[in-house]
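*Asks:* Quick one: the structure is below, questions incoming.
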Ligand code: DAT
Ligand code: MG
């Protein structure tokens with residue numbers, strides 16, 4: 001079964017909406033197969049987002065992702081990578097569709113509440129970044 005990595009970013013944790021976000025995926029029939037809370041170091045955040053190392057937003061993004069605890073979540077279901085991206089909404093909340101997580105809660109493109117894997121290749125890097133096989137149930 002397809003799996004993806006979601007992260008509730010520091011702004012989502014601060015807003016106290018972990019349960020609200022997780023329930024949106026459960027209500028769509030997707031299953032939570034792993035979840036934890038961790039506080040990344042800046043070095044860990046940079047390593048997670050290594051694919052963006054040439055982008056102008058790489059440093060501020062890594063600062064933001066290490067400013068407080070985050071909640072990584074592994075979600076499972078048929079077509080889950082695309083479904084989770086749809087429920088999240090567009091990267092920039094100004095462009096996100098009504099009823100998406102980013103439209104409802106994000107303040108800006110820099111602080112946009114959630115991360116979701118964008119492909120099977122990304123998920124294959126991102127899930128083991130946070131979870132061992134024994135933690136995915
Ligand atoms: P997504 O998180 O929707 O997959 P992405 O992979 O292109 O988007 O970028 C990763 C994160 O980097 C994104 O969630 C927020 C930040 N980011 C992206 N584009 C940005 C921009 N133009 N300015 C500032 N931050 C940006
Ligand atoms: Mg991305």
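Every read-out reported here was derived from the displayed coordinates using simple, explicitly stated rules and does not represent laboratory data. Since the model is a prediction, treat every value here as computed from it, not as a measurement. Positions of Cβ are backbone-derived with ideal geometry, glycine not excepted, and every protein chain shown enters the neighbour counts.
*Asks:* Determine the relative contact order of the chain: mean sequence separation of Cα pairs under 8 Å and six or more apart, normalised by residue count, in whole percent.
*Replies:* Computed over the chain, the figure is 36 percent.
*Asks:* Using 0.36 nm per residue of separation minus the Cα-Cα distance, give me the extension gain between residue 119 and residue 43 in nm, one decimal.
*Replies:* 25.0 nm
*Asks:* Which value at 222 nm does the chain reach when only helices count, each DSSP H run of 4 or more adding -39,500 (n - 2.57), with the total divided by all residues and rounded to the nearest 500 deg cm²/dmol?
*Replies:* -10500 deg cm²/dmol
*Asks:* A further question follows. Once the Cα atoms of segment 11-77 are picked out, what are the Rg and Dmax in Å?
*Replies:* Reported Rg and Dmax, both Å: 13.7, 37.
*Asks:* Run through all the Cα pairs of segment 42-101 and give the fraction in each 5 Å bin from 0, expressed as whole percent.
*Replies:* Distribution as computed: 4, 15, 17, 18, 26, 16, 4 percent.
*Asks:* Same structure, new question: When the chain is fully extended, how far beyond the present Cα-Cα distance does residue 59 get from residue 20, taking 0.36 nm per residue of separation?
*Replies:* Additional length available on full extension: 11.1 nm.
*Asks:* Still on this model: With viscosity set to 0.890 mPa s and temperature to 25 °C, compute the Stokes-Einstein D of the chain, Rh being the Kirkwood radius across alpha carbon pairs; µm²/s, no decimals.
*Replies:* 165 µm²/s
*Asks:* Within 10 Å of each residue's Cβ, count the other Cβ atoms and sort 74, 33 from fewest upward.
*Replies:* So the residues, fewest neighbours to most, are 33, 74.
*Asks:* If you take the square roots of the eigenvalues of the alpha-carbon gyration tensor of segment 1-49 and sort them as a ≥ b ≥ c, do you get rounded (a/c under 1.5), prolate (a/b over b/c) or oblate? Each step should come with its number before you reach the end.
*Replies:* Details: a/c = 2.83, a/b = 1.43, b/c = 1.99.
Oblate shape, in that a/c is at least 1.5 and b/c is the bigger or equal ratio.
*Asks:* How long is the gain from residue 134 to residue 107 if the chain were fully straight, where each residue apart is worth 0.36 nm and the alpha carbon distance is subtracted?
*Replies:* Full extension from residue 134 to residue 107 adds 6.2 nm.
*Asks:* When 100, 91 are ordered from fewest to most other Cβ atoms inside 10 Å of their Cβ, what list results?
*Replies:* The fewest-first ordering by Cβ neighbours comes to 91, 100.
*Asks:* Another question, if that's okay. How do 115, 52 line up, fewest other C-beta atoms within 10 Å first?
*Replies:* Fewest-to-most ranking of 115, 52: 52, 115.
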